[in-house]
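Trainee: Input: one structure, supplied below.
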Amino acid sequence: MHDLIIKGASVYDGSGKAPVQANVAIEEGRIVAVGDDAGAAREVVQADGLALMPGIIDTHTHYDAQITWDPLVNPSPSLGVTTVVMGNCGFTIAPCRPADRDLVMRNLTHVEGMSLDALRSGIDWSFESFPQYLDQLERRGVGPNVACFVGHSSVRTFVMRDDAAKRAATPDEVAQMRALVVEGMQVGACGFSTTRNTQHNGEAGIPMPSRLADEQELIALSGSLKESGRGVLMMTKDSLTPMPLIEKLAQSAGRPYLVAALLHSDVMPESTFEDLAHIDAARGRGNRLYGAVSACPLTFEFTLHEPYVFEGLKVWQPLMKMDPPALKKTLADPAFRRSVKDELSVRARRMFNGDWQKMFVTQAAQEQNKRFEGNCIEDLAREAGKHPLDFMLDLSLSEGLDTLFTGTLLNSDEDAVGRMLRDPNSIVSLSDAGAHLTFLCDAGFGLHLLGHWSRDLQALSTEHAVRKLTAEPAALFGIRDRGAIAPGKCADLLLFDPAVVGRGSRSAFSICPPAARGSLRRDLECTVFG
Ligand SMILES: [Zn+2]
């Protein structure tokens, strides 16, 4: 007698093969039979008309802090995710000395848009080392399956303390960091993660520590995976990070390298394809590079108190250190505005490139400005006879910087994104779940791939989409027994209705009234605090 049988669903087994009508029997958390006759069970789910696939594997999350107070890592499981990879971009919370906790929380607040209050009241700091952190998670139990990178910025802070975000490391410090990475791999980390992205700044605009690493440090730390003989390397790069450097790191470790974040930019439309071409060529040379791509347009909601979207601009760096009066004064300064316009006039693959038709007023703080809501800055500026930047800053200043703006900044060209999703060397990823809570929530990326990209746009078949969400990331991360429906595999399963699957207001965002993303933010914080 089995525990459970799911009967009559179209079974997508994760391999990319066309679905078959079958019964799937489960015992003690494992699939024991797939076929016409699966025997008897204590519980039967009649699933005619529905589709059954392996649970989604989300390879780019930032649940490291949240999981210590919310083991279920809401909202991912309700969006079909059964496995999360945490610690991306090098931002973990372990290892961490007690004296550095406040700095780590402040940095996360800035770089990943997490609420400082939530981190302060939520994180359970009963650990100091990376092994202790994993022990703590295991002891307390977690909802989904969890894999965790050793994060570069964390090991750097642990070894270099206050100097971590200031200078290159000495050979002795590199050796200490390397020992921490090796230790993490020994106790079960899934790899080593880092960032070079100039968008990644901590409190007061100080670069996140890993950005200070020189090539020797990167080679030493990445290369430590060679000793482990397992694990994945991941880096969030920007357009200035040379692909040959990443290939060199992959080669020195002999391990797969996941290159993030390949988001399509209208301003430099070929650049992600150049990266993908380099990745393909690297594989031809025996170096296993993969490109992390996203199924979601990158949409940010923000105020000018902390405009993450502008913080990749060089001229914006000093503003991150300013108190509110100094910030307002600078935003009003014509010389500052000129320097922003100058920098924007030079094309680069950055988050915002002056595409004002994609920047909207979402919520005005004052009654007389409500008429601007829902309009793009480009149109509003034209009507006002101003440069779009001036219009935006003037409006925001007139409302004490409380105006809420939304920018659809990257990944909005659907032909291009479709090509990237189909690329054989791409991994569908980048949900950033658990992070940027004040700006966006893409934790439902998998349902979006199935509904929007596969069913609605037919950019890829459902069996292909399922493979992208399951077997491919499982193979990359060496996650055994998951990402497939077959006898002996873990019963991580997602049953869905192909006719309606998606992340619209009725499914993925059911916790969010359809009207405003702002309410999603509030709901998420409620969820966080339970
Ligand atoms: Zn990230």
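Trainee: Place a +1 charge on the Cβ of each Lys and Arg in segment 22-116 and a -1 charge on the Cβ of each Asp and Glu, then give the dipole magnitude about the Cα centre in debye, rounded to the nearest 20.
Mentor: So the magnitude is around 440 debye.
Trainee: Within the set 166/328; 248/321; 17/248, which residue pairs have Cα atoms separated by over 32 Å? Provide the component values of the computation, followed by the final result.
Mentor: Numbers: 166/328 28 Å; 248/321 35 Å; 17/248 35 Å.
Exceeds cut-off: 248/321; 17/248.
Trainee: Can you work out ³J(HN,Hα) from phi for every residue in segment 459-469, in order, using Karplus 6.51 cos²θ - 1.76 cosθ + 1.60 and θ = phi - 60°, giving whole Hz and x for Gly and Pro?
Mentor: Along segment 459-469, the couplings run 6, 7, 5, 4, 5, 5, 4, 4, 4, 4, 8 Hz.
Trainee: Accessible area per residue of the chain at 1.4 Å probe, in Å²?
Mentor: 39
Trainee: Can I ask one more? Carbon and sulfur: what percent of the chain's accessible surface (1.4 Å probe)?
Mentor: Heavy-atom surface of the chain belonging to carbon and sulfur, 1.4 Å probe: 51 percent.
Trainee: Averaging sequence separations of C-alpha pairs under 8 Å and six or more residues apart, then dividing by the length of the chain, give the relative contact order as a whole percent.
Mentor: Numbers: 1083 pairs, mean separation 103.5, N = 530.
20 percent.
Trainee: Next question, about the same structure. Where the only charges are on Cβ atoms (+1 Lys, Arg; -1 Asp, Glu), what is the dipole of segment 287-373 about its Cα centre, to the nearest 20 debye?
Mentor: Computed charge dipole of segment 287-373: roughly 320 debye.
Trainee: Could you go through segment 117-124 in sequence order and give the Karplus-derived ³J(HN,Hα) for each residue, using 6.51 cos²θ - 1.76 cosθ + 1.60 with θ = phi - 60°, rounded to whole Hz, and x for Gly and Pro?
Mentor: Once rounded to whole Hz, the list reads 4, 5, 5, 5, 8, x, 5, 8.
Trainee: Here's a follow-up. So, in Å, what gap is there between the alpha-carbon centers of segment 117-184 and segment 353-374?
Mentor: 40
Trainee: Hey, another quick one. Working from Cα positions, state the angle (0 to 90°, nearest 10) between the long axis of helix 101-111 and the longest principal axis of the chain.
Mentor: 80
Trainee: Between beta-carbons, use under 14 Å as the cut-off and find the net charge around residue 190, counting Lys and Arg +1, Asp and Glu -1.
Mentor: So the environment of residue 190 carries a net charge of +2.
Trainee: Quickly rank 364-372, 49-57 as a protection proxy: mean count of other C-beta atoms within 10 Å, highest first.
Mentor: On the way: 364-372: 13.4, 49-57: 24.3.
Result, highest mean Cβ count within 10 Å first: 49-57, 364-372.
Trainee: Quick query: amide H of residue 150 versus all other amide H atoms, modeled in the peptide plane; which residues come in under 5 Å with a sequence gap of 5 or more or a different chain?
Mentor: 190, 191, 192, 193
Trainee: To continue, here is another question. Under a point-charge model restricted to the Cβ atoms of Lys and Arg (+1) and Asp and Glu (-1), what is the dipole moment magnitude of the chain relative to its Cα centre, in debye to the nearest 20?
Mentor: Using only the charged Cβ atoms, the result is roughly 680 debye.
Trainee: Then there's this: Scan around residue 427 for amide H atoms under 5 Å from its own, H built in the peptide plane at 1.01 Å from N, and keep only partners 5 or more places away or cross-chain.
Mentor: The list, which skips near neighbours in sequence, is 291, 292, 293.
The values are calculated or read from the model by the stated rules, or taken from the named source; none is laboratory data. What you are looking at is a predicted structure, and each value in this text was computed from that prediction instead of being measured. As a convention, Cβ positions derive from the backbone with ideal geometry for all residues, glycine included, and neighbour counts pool all protein chains shown. Only protein heavy atoms, including side chains, enter the accessible area calculation; ligands, DNA and RNA are left aside. Shrake-Rupley method; radii C 1.70, N 1.55, O 1.52, S 1.80 Å.
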